[in-house]
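Have a look at the structure below before the remarks.
What follows is calculated from the coordinates using simple rules that are stated; it is not laboratory data. Not measured: the values here are computed from a predicted model. Don't worry about glycine lacking a Cβ; one is built from the backbone with ideal geometry, like all the others, and counts go over all protein chains shown.
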Amino acid sequence: MKINVHLDRLLVDRKITLKQLAEDVGVTVANLSILKNGHAKAVRFSTLSGICKALDCQPGDLLEYVSE
Amino acid sequence: MFIMSLIRKPRISQVTKTLLDLGWYMSLTIAVLYVGIIIAAAILGKNMMLNSIYIFSGLQIGFTTDGLTNMYGITEIEGNEVAFAGGTFVPFWIGGGGAVMWLGILSSVIQFCLLVFVLFMLRRFVQTIIDGTPFIIQNKARLRSIGVGLIITYVSLLIIQVVHERLFLSLVEDGTLNLLGDEFITLLGTVHSPASGWILMAGLLFVVVSDAFRYGTDLQVEQDLTV
């Protein structure tokens, strides 16, 4: 199983940089890069809700389950 | 530096690191002295008397190759080991006891190497604690190697101890050493390497703790990749 993260697409759609999003959510750019590049092992609810709030989206817009 | 670390920020890991640094540089100094004295003794031969150099770590090197003859009429070379590993007194007899002497020296060298190795690894380990990153895979390897080193040292010293005592007894049996009663027991008691059970226990403990660090490292990686 694999979870795809569509953070880069949402950033382009909202015209927001990773740095701006990091400041809005209150996490480091390095951590958001880990999420964006699909290297994250887990996502905190607080981070997820922060991203959804900043990008005005639902968790389903950010994450997608893909069966292998 | 040591005093400053106590005054400024009395964190136990920093004080430990300072003590380990002191021990490390002292050990290196002792190693240089040790080699220097052995070379000097080899060059100058038995006429030279270098008697009992005591240094902080407990390493005592005494060459009394022509100066001192003990009360049993046996010329002796006398040495000691690193206090860290037990600091037991080991006399080495020259008179008919060349193998005994070399076993004693081998025992000293093994223990000294152990001390240097443990100090080297512990300094790096404690530094990672000070840096705030103790749960790394290198630390697991460091702790395991210290543990394995201690276990190997224990086994080596145990073997040396057995051989040492056999040789000592053979010296008594063939008449090279003529001892009776309490004198015999006293001397027999001094002829051994400190294959202390504590070395073995410490070795096992280090190996077990290294396993705990492997688990800690796994948790740390998971934590680092949680956003």
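Based on alpha carbons, the Rg and Dmax found for chain A are 11.2, 35 Å.
Between the beta carbons of residue B:172 and residue B:106, assuming R0 = 30 Å, the FRET efficiency works out to 0.90 to the nearest 0.05. Once both labels are positioned 7 Å from their Cα atoms along Cα-to-Cβ, the gap between residue A:17 and residue B:223 label points is 3.2 nm.
Can you pick out the pairs among A:41/B:17; A:19/B:140; A:41/B:140 whose Cα atoms lie more than 31 Å from each other? In this structure, A:41/B:17; A:19/B:140 exceed 31 Å between Cα atoms.
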